[in-house]
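Presented below is the structure to which this report refers.
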Amino acid sequence: MFTGAEIVAVLKEMEITHVIWVPDSEMGKWEPELDAALAQMVRVCREGEAWPLAVGLTVAGSRPLVMMQTTGLFESGDALRHVVYDLEVPVYGLIGARNWLKPEIQDSAAAYAEPLMKAWGVDFIVIDQANQAQGLKAHYSSCREAGIPGFALMAE
Amino acid sequence: MMNVRESLEVLSRVRGSDDVVVTNQGSARIWPLVSQHPNDFQYNPSTMGGAIPLALGVAIAQPNREVVVVSGDGALLMSLGSLVSVIGSGCQNLTIIVLENGIYEVTGGQRTPASGTALDFSTIASGVGFTNAHTFDDLAAWSRHAELMFETQGPRFVNLKVGPADRQDLQTPAEVAAEQIHRFQTALANH
(Lines give C-alpha, C1' and ligand atoms only; values in the text may rest on other atoms or scores of the structure.)
Protein backbone atom coordinates (compact mmCIF):
# COMPACT_ATOMS: atom_id res chain seq x y z
CA MET A 1 0.00 0.00 0.00
CA PHE A 2 2.65 2.48 1.11
CA THR A 3 6.41 2.43 0.84
CA GLY A 4 8.51 2.75 3.96
CA ALA A 5 9.46 6.28 2.96
CA GLU A 6 5.82 7.22 2.48
CA ILE A 7 4.70 5.89 5.84
CA VAL A 8 7.63 7.54 7.61
CA ALA A 9 6.76 10.86 6.00
CA VAL A 10 3.15 10.74 7.19
CA LEU A 11 4.05 9.49 10.66
CA LYS A 12 6.40 12.45 11.01
CA GLU A 13 3.55 14.77 10.07
CA MET A 14 1.42 13.00 12.71
CA GLU A 15 4.22 13.60 15.23
CA ILE A 16 4.29 9.94 16.22
CA THR A 17 6.94 9.34 18.87
CA HIS A 18 6.79 5.55 19.15
CA VAL A 19 5.61 2.70 16.97
CA ILE A 20 4.51 -0.35 18.95
CA TRP A 21 4.27 -3.29 16.67
CA VAL A 22 3.99 -6.89 15.81
CA PRO A 23 4.74 -6.67 12.09
CA ASP A 24 3.05 -8.59 9.35
CA SER A 25 4.44 -9.33 5.92
CA GLU A 26 3.28 -6.00 4.46
CA MET A 27 4.10 -3.57 7.27
CA GLY A 28 7.23 -5.53 8.01
CA LYS A 29 8.79 -4.14 4.85
CA TRP A 30 8.80 -0.71 6.51
CA GLU A 31 11.11 -1.76 9.32
CA PRO A 32 14.38 -0.29 7.99
CA GLU A 33 12.83 3.12 7.34
CA LEU A 34 10.89 3.15 10.62
CA ASP A 35 13.97 2.15 12.57
CA ALA A 36 15.98 4.90 10.97
CA ALA A 37 13.41 7.63 11.24
CA LEU A 38 11.46 7.31 14.46
CA ALA A 39 12.36 8.05 18.05
CA GLN A 40 11.70 4.47 19.06
CA MET A 41 10.28 1.23 17.80
CA VAL A 42 8.80 -0.87 20.60
CA ARG A 43 8.63 -4.52 19.68
CA VAL A 44 6.19 -6.61 21.68
CA CYS A 45 5.89 -10.38 21.76
CA ARG A 46 2.11 -10.52 21.63
CA GLU A 47 -0.51 -8.10 20.45
CA GLY A 48 -2.22 -8.04 23.85
CA GLU A 49 0.83 -6.22 25.19
CA ALA A 50 0.56 -3.47 22.61
CA TRP A 51 -2.60 -1.75 23.82
CA PRO A 52 -1.69 -1.29 27.52
CA LEU A 53 1.80 -0.28 26.41
CA ALA A 54 0.23 2.40 24.23
CA VAL A 55 -1.78 3.53 27.26
CA GLY A 56 1.38 3.89 29.34
CA LEU A 57 3.10 5.91 26.64
CA THR A 58 0.04 8.08 26.06
CA VAL A 59 -0.65 8.98 29.68
CA ALA A 60 3.04 9.74 30.14
CA GLY A 61 2.96 12.27 27.33
CA SER A 62 4.03 10.42 24.19
CA ARG A 63 2.19 9.90 20.87
CA PRO A 64 2.38 6.19 20.08
CA LEU A 65 0.98 4.33 17.10
CA VAL A 66 0.15 0.64 17.32
CA MET A 67 0.73 -1.47 14.23
CA MET A 68 -0.46 -5.04 13.93
CA GLN A 69 -2.36 -7.35 11.62
CA THR A 70 -6.06 -8.12 11.90
CA THR A 71 -5.17 -11.50 13.36
CA GLY A 72 -3.39 -9.70 16.20
CA LEU A 73 -6.38 -7.42 16.65
CA PHE A 74 -8.58 -10.46 17.12
CA GLU A 75 -6.11 -11.97 19.57
CA SER A 76 -5.83 -8.82 21.65
CA GLY A 77 -9.53 -8.18 21.98
CA ASP A 78 -9.79 -8.10 25.75
CA ALA A 79 -6.85 -5.73 26.11
CA LEU A 80 -8.41 -3.46 23.52
CA ARG A 81 -11.83 -3.62 25.15
CA HIS A 82 -10.36 -2.51 28.43
CA VAL A 83 -8.38 0.36 26.90
CA VAL A 84 -11.26 1.65 24.79
CA TYR A 85 -14.20 1.19 27.12
CA ASP A 86 -12.82 1.17 30.68
CA LEU A 87 -9.74 3.39 30.58
CA GLU A 88 -11.06 5.47 27.66
CA VAL A 89 -7.55 6.32 26.50
CA PRO A 90 -7.33 7.58 22.89
CA VAL A 91 -4.96 5.03 21.40
CA TYR A 92 -4.59 4.71 17.64
CA GLY A 93 -3.95 1.56 15.63
CA LEU A 94 -2.92 0.96 12.05
CA ILE A 95 -4.20 -2.53 11.33
CA GLY A 96 -3.01 -4.54 8.38
CA ALA A 97 -6.12 -6.15 6.89
CA ARG A 98 -4.78 -9.43 5.62
CA ASN A 99 -5.98 -10.50 2.16
CA TRP A 100 -8.48 -7.61 1.91
CA LEU A 101 -7.33 -6.99 -1.65
CA LYS A 102 -7.36 -10.67 -2.57
CA PRO A 103 -11.02 -11.71 -2.68
CA GLU A 104 -10.06 -14.89 -4.47
CA ILE A 105 -8.47 -16.08 -1.23
CA GLN A 106 -10.91 -17.37 1.38
CA ASP A 107 -9.63 -15.86 4.60
CA SER A 108 -11.82 -15.39 7.66
CA ALA A 109 -9.36 -12.77 8.87
CA ALA A 110 -10.36 -10.63 5.90
CA ALA A 111 -14.04 -11.44 6.15
CA TYR A 112 -14.33 -10.43 9.81
CA ALA A 113 -12.05 -7.38 9.88
CA GLU A 114 -14.66 -4.74 9.12
CA PRO A 115 -17.54 -6.46 10.97
CA LEU A 116 -15.34 -6.64 14.05
CA MET A 117 -14.60 -2.92 13.93
CA LYS A 118 -18.31 -2.22 13.64
CA ALA A 119 -19.09 -4.60 16.47
CA TRP A 120 -16.61 -2.80 18.72
CA GLY A 121 -18.32 0.46 17.86
CA VAL A 122 -15.00 2.21 17.35
CA ASP A 123 -14.11 5.00 14.97
CA PHE A 124 -12.25 3.57 11.97
CA ILE A 125 -11.40 4.16 8.35
CA VAL A 126 -10.44 1.80 5.56
CA ILE A 127 -7.35 2.59 3.54
CA ASP A 128 -7.48 0.71 0.27
CA GLN A 129 -5.78 3.14 -2.09
CA ALA A 130 -2.12 4.04 -2.20
CA ASN A 131 -2.95 7.75 -2.29
CA GLN A 132 -4.70 7.72 1.11
CA ALA A 133 -1.74 8.40 3.38
CA GLN A 134 -3.08 11.85 4.13
CA GLY A 135 -6.40 10.23 5.04
CA LEU A 136 -4.57 8.37 7.79
CA LYS A 137 -3.17 11.62 9.10
CA ALA A 138 -6.56 13.34 8.94
CA HIS A 139 -8.30 10.52 10.78
CA TYR A 140 -5.60 10.35 13.44
CA SER A 141 -5.89 14.09 13.97
CA SER A 142 -9.66 14.04 14.22
CA CYS A 143 -9.58 11.19 16.76
CA ARG A 144 -6.97 13.00 18.85
CA GLU A 145 -8.99 16.16 18.74
CA ALA A 146 -12.08 14.26 19.86
CA GLY A 147 -10.09 12.36 22.49
CA ILE A 148 -11.25 8.98 21.24
CA PRO A 149 -9.48 5.83 20.09
CA GLY A 150 -9.16 5.36 16.34
CA PHE A 151 -8.20 2.68 13.89
CA ALA A 152 -7.21 2.48 10.26
CA LEU A 153 -7.70 -0.79 8.44
CA MET A 154 -5.02 -0.90 5.78
CA ALA A 155 -6.01 -3.21 2.97
CA GLU A 156 -3.41 -5.83 2.12
CA MET B 1 6.95 -17.33 52.70
CA MET B 2 6.04 -13.72 53.37
CA ASN B 3 2.88 -11.97 54.35
CA VAL B 4 1.86 -10.18 51.16
CA ARG B 5 0.77 -6.96 52.84
CA GLU B 6 4.00 -6.75 54.83
CA SER B 7 6.01 -7.33 51.65
CA LEU B 8 4.22 -4.42 49.99
CA GLU B 9 4.79 -2.22 53.03
CA VAL B 10 8.51 -2.66 52.38
CA LEU B 11 8.04 -1.28 48.88
CA SER B 12 5.99 1.64 50.16
CA ARG B 13 8.84 2.58 52.51
CA VAL B 14 11.59 2.56 49.88
CA ARG B 15 9.81 4.04 46.85
CA GLY B 16 10.91 7.57 46.03
CA SER B 17 8.47 10.44 46.05
CA ASP B 18 8.71 10.82 42.27
CA ASP B 19 8.51 7.08 41.53
CA VAL B 20 5.51 5.53 39.84
CA VAL B 21 3.96 2.36 41.27
CA VAL B 22 1.56 0.34 39.12
CA THR B 23 -0.27 -2.47 40.89
CA ASN B 24 -2.51 -5.11 39.39
CA GLN B 25 -5.08 -7.72 40.40
CA GLY B 26 -4.67 -8.64 44.09
CA SER B 27 -1.91 -6.13 44.73
CA ALA B 28 -4.12 -3.36 43.38
CA ARG B 29 -6.56 -4.11 46.17
CA ILE B 30 -3.92 -4.25 48.91
CA TRP B 31 -1.67 -1.38 47.79
CA PRO B 32 -4.14 1.39 48.72
CA LEU B 33 -4.03 0.04 52.28
CA VAL B 34 -0.30 0.74 52.50
CA SER B 35 0.16 3.72 50.15
CA GLN B 36 -1.76 6.76 49.01
CA HIS B 37 0.33 8.61 46.44
CA PRO B 38 -0.58 10.57 43.29
CA ASN B 39 1.87 8.46 41.27
CA ASP B 40 0.14 5.22 42.22
CA PHE B 41 -1.99 3.52 39.60
CA GLN B 42 -4.15 0.66 40.81
CA TYR B 43 -4.69 -1.12 37.50
CA ASN B 44 -8.01 -2.63 38.52
CA PRO B 45 -10.20 -3.57 36.76
CA SER B 46 -7.65 -4.58 34.19
CA THR B 47 -6.64 -7.05 31.58
CA MET B 48 -4.57 -9.81 33.15
CA GLY B 49 -1.01 -9.53 31.91
CA GLY B 50 -1.45 -5.87 30.99
CA ALA B 51 0.26 -4.22 33.94
CA ILE B 52 3.84 -4.82 32.87
CA PRO B 53 3.31 -3.46 29.34
CA LEU B 54 1.46 -0.42 30.72
CA ALA B 55 4.27 0.29 33.16
CA LEU B 56 6.81 -0.25 30.39
CA GLY B 57 5.07 2.44 28.35
CA VAL B 58 5.36 4.90 31.21
CA ALA B 59 9.00 3.97 31.75
CA ILE B 60 9.85 4.46 28.08
CA ALA B 61 8.07 7.80 27.90
CA GLN B 62 9.66 9.11 31.09
CA PRO B 63 13.12 7.55 31.29
CA ASN B 64 14.26 9.78 34.14
CA ARG B 65 11.58 8.46 36.47
CA GLU B 66 11.66 5.09 38.26
CA VAL B 67 8.62 2.94 37.48
CA VAL B 68 7.69 -0.05 39.62
CA VAL B 69 5.07 -2.59 38.60
CA VAL B 70 3.67 -5.20 40.96
CA SER B 71 2.22 -8.24 39.21
CA GLY B 72 0.78 -11.48 40.45
CA ASP B 73 2.32 -14.70 39.23
CA GLY B 74 -0.89 -15.68 37.42
CA ALA B 75 -0.91 -12.41 35.50
CA LEU B 76 2.76 -12.77 34.62
CA LEU B 77 2.13 -16.28 33.32
CA MET B 78 -0.41 -14.80 30.92
CA SER B 79 2.23 -12.49 29.49
CA LEU B 80 5.65 -14.01 30.03
CA GLY B 81 6.71 -12.50 26.73
CA SER B 82 6.38 -9.06 28.28
CA LEU B 83 9.67 -9.76 30.08
CA VAL B 84 11.28 -10.07 26.67
CA SER B 85 9.61 -6.88 25.50
CA VAL B 86 11.03 -5.05 28.53
CA ILE B 87 14.57 -6.19 27.81
CA GLY B 88 14.18 -5.58 24.09
CA SER B 89 13.04 -2.01 24.72
CA GLY B 90 16.31 -1.17 26.42
CA CYS B 91 14.55 0.64 29.26
CA GLN B 92 16.56 0.85 32.48
CA ASN B 93 14.10 2.50 34.83
CA LEU B 94 11.58 -0.31 35.32
CA THR B 95 11.33 -2.64 38.30
CA ILE B 96 9.07 -5.69 38.11
CA ILE B 97 7.95 -7.16 41.41
CA VAL B 98 6.10 -10.45 41.23
CA LEU B 99 3.99 -11.70 44.10
CA GLU B 100 4.21 -15.45 43.73
CA ASN B 101 1.58 -17.38 45.62
CA GLY B 102 0.79 -20.09 43.07
CA ILE B 103 -2.89 -19.22 42.88
CA TYR B 104 -5.38 -16.98 41.08
CA GLU B 105 -6.22 -15.10 44.22
CA VAL B 106 -8.97 -12.74 43.10
CA THR B 107 -11.04 -15.56 41.61
CA GLY B 108 -10.96 -17.53 44.82
CA GLY B 109 -7.57 -19.19 45.02
CA GLN B 110 -7.48 -21.71 42.17
CA ARG B 111 -4.03 -23.07 41.35
CA THR B 112 -2.06 -21.64 38.42
CA PRO B 113 -0.54 -24.05 35.87
CA ALA B 114 2.82 -23.43 37.55
CA SER B 115 1.62 -24.55 40.95
CA GLY B 116 3.60 -27.57 42.04
CA THR B 117 6.10 -27.27 39.21
CA ALA B 118 9.75 -26.32 39.44
CA LEU B 119 9.18 -23.01 37.66
CA ASP B 120 11.56 -20.31 38.88
CA PHE B 121 10.57 -16.82 37.77
CA SER B 122 13.97 -15.33 38.56
CA THR B 123 15.67 -17.93 36.42
CA ILE B 124 13.30 -17.10 33.58
CA ALA B 125 14.00 -13.39 34.06
CA SER B 126 17.74 -14.01 34.09
CA GLY B 127 17.45 -16.10 30.97
CA VAL B 128 15.60 -13.31 29.22
CA GLY B 129 18.35 -10.87 30.06
CA PHE B 130 17.56 -9.34 33.45
CA THR B 131 20.98 -9.09 35.07
CA ASN B 132 19.29 -7.94 38.25
CA ALA B 133 16.88 -10.74 39.18
CA HIS B 134 16.26 -11.98 42.71
CA THR B 135 13.86 -14.15 44.69
CA PHE B 136 12.98 -13.64 48.33
CA ASP B 137 10.86 -15.65 50.71
CA ASP B 138 11.98 -13.86 53.85
CA LEU B 139 10.83 -10.39 54.84
CA ALA B 140 14.11 -9.33 56.39
CA ALA B 141 16.10 -10.32 53.32
CA TRP B 142 13.62 -8.56 51.01
CA SER B 143 13.79 -5.45 53.21
CA ARG B 144 17.58 -5.37 53.05
CA HIS B 145 17.53 -5.74 49.28
CA ALA B 146 14.82 -3.13 48.86
CA GLU B 147 16.75 -0.49 50.78
CA LEU B 148 19.42 -0.45 48.08
CA MET B 149 17.36 -1.63 45.13
CA PHE B 150 17.07 1.68 43.32
CA GLU B 151 20.80 2.25 43.49
CA THR B 152 21.33 -0.77 41.25
CA GLN B 153 21.13 -0.91 37.46
CA GLY B 154 17.71 -1.56 35.98
CA PRO B 155 15.65 -3.11 34.68
CA ARG B 156 15.16 -5.07 37.87
CA PHE B 157 13.18 -8.21 38.60
CA VAL B 158 12.15 -9.25 42.10
CA ASN B 159 10.15 -12.37 42.85
CA LEU B 160 8.53 -12.41 46.28
CA LYS B 161 7.20 -15.69 47.56
CA VAL B 162 4.11 -14.78 49.52
CA GLY B 163 1.18 -16.49 51.16
CA PRO B 164 -2.47 -15.88 50.35
CA ALA B 165 -3.71 -12.41 51.19
CA ASP B 166 -6.07 -11.69 54.03
CA ARG B 167 -9.50 -11.92 52.40
CA GLN B 168 -10.47 -8.66 54.04
CA ASP B 169 -7.56 -6.92 52.28
CA LEU B 170 -8.92 -8.01 48.90
CA GLN B 171 -12.22 -6.21 49.44
CA THR B 172 -10.86 -2.74 48.64
CA PRO B 173 -13.25 -1.25 46.07
CA ALA B 174 -11.80 -0.26 42.70
CA GLU B 175 -11.97 3.33 41.50
CA VAL B 176 -13.67 3.99 38.18
CA ALA B 177 -10.91 3.14 35.70
CA ALA B 178 -11.29 6.19 33.48
CA GLU B 179 -11.23 8.56 36.45
CA GLN B 180 -8.18 6.88 37.87
CA ILE B 181 -6.21 6.96 34.62
CA HIS B 182 -7.07 10.65 34.21
CA ARG B 183 -5.73 11.39 37.70
CA PHE B 184 -2.63 9.30 36.94
CA GLN B 185 -2.05 11.19 33.68
CA THR B 186 -2.28 14.49 35.53
CA ALA B 187 0.29 13.29 38.07
CA LEU B 188 2.65 12.13 35.33
CA ALA B 189 2.44 15.52 33.65
CA ASN B 190 3.91 17.10 36.77
CA HIS B 191 7.30 15.55 36.17
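The values are calculated or read from the model by the stated rules, or taken from the named source; none is laboratory data. Small disclaimer: the values here were computed from a predicted structure and weren't measured. Quick reminder, even Gly has a Cβ in these numbers, built from the backbone with ideal geometry, and neighbours come from all protein chains shown. When the accessible area is computed, the model is the full protein with side chains, heavy atoms only, and any ligands, DNA or RNA have been set aside. Shrake-Rupley method; radii C 1.70, N 1.55, O 1.52, S 1.80 Å.
At-a-glance table
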{"read-out": "Top-ranked residue of region B:65-97 - restricted to ones that are within 12 Å of another protein chain (Cβ to nearest Cβ) and touching a residue at least 60 places away in the same chain (Cβ under 8 Å), ranked as farthest from B:GLY127 (Cα to Cα)", "value": "B:ARG65"}
{"read-out": "Identity of the residue in region B:177-191, out of contact with any helix residue (DSSP H, G or I) (no Cβ under 8 Å at 6 or more places or on another chain), part of a helix (DSSP H, G or I) and open to solvent by 10 Å² or more (accessible area, probe 1.4 Å), that ends up farthest from B:LEU94 (Cα to Cα)", "value": "B:GLU179"}
{"read-out": "Test: B:VAL69 is open to solvent by less than 40 Å² (accessible area, probe 1.4 Å), of a type in the set (Val, Ile, Thr) and not in a loop (DSSP other than H, G, I, E, B)", "value": "yes"}
{"read-out": "Candidates B:ARG156, B:ARG167 - the one that is basic (Lys, Arg) and modelled with pLDDT of 95 or more", "value": "B:ARG156"}
{"read-out": "Selection count where residues are of a type outside the set (A, V, I, L, M, F, W, C) and touching a Pro at 6+ places or on another chain (Cβ under 6 Å), scope region A:87-103", "value": "1"}
{"read-out": "Those strands (runs of 3 or more DSSP E) lying entirely in region A:9-114 with at least 2 residues open to solvent by 40 Å² or more (accessible area, probe 1.4 Å)", "value": "A:40-43"}
{"read-out": "Hits in region A:123-132 - residues which are crowded, with 16+ Cβ neighbours inside 10 Å and over 13 Å from the mean Cα position of the chain (by Cα)", "value": "A:GLN132"}
{"read-out": "Positions within region B:34-64 being more than 9 Å from every other protein chain (Cβ to nearest Cβ) and touching a helix residue (DSSP H, G or I) at 6+ places or on another chain (Cβ under 6 Å), in sequence order", "value": "B:VAL34, B:SER35, B:PRO38, B:ASN39, B:GLN42, B:ASN44"}
{"read-out": "Residue check, B:LEU11 within 13 Å of chain A (Cβ to nearest Cβ), touching a strand residue (DSSP E or B) at 6+ places or on another chain (Cβ under 9 Å) and at pLDDT 90 or above", "value": "no"}
{"read-out": "Residue tally, condition within 16 Å of B:GLN153 (Cα to Cα) and touching a residue at least 40 places away in the same chain (Cβ under 8 Å), over region B:105-127", "value": "1"}
{"read-out": "The one condition in (1) outside any helix (DSSP H, G or I); (2) of a type in the set (Gly, Ala, Ser); (3) open to solvent by less than 10 Å² (accessible area, probe 1.4 Å) that B:ALA55 fails to fulfil", "value": "(1)"}
{"read-out": "Conditions (1) at pLDDT below 95; (2) more than 8 Å from every other protein chain (Cβ to nearest Cβ); number of the one not met by A:HIS82", "value": "(2)"}
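Residue by residue, here is whether (1) closer than 18 Å to A:GLU47 by Cβ; (2) at pLDDT below 95 holds:
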{"position": "B:SER82", "(1), (2)": "yes, no"}
{"position": "B:LEU99", "(1), (2)": "no, no"}
{"position": "B:VAL106", "(1), (2)": "no, yes"}
{"position": "B:PRO113", "(1), (2)": "no, yes"}
{"position": "B:GLY116", "(1), (2)": "no, yes"}
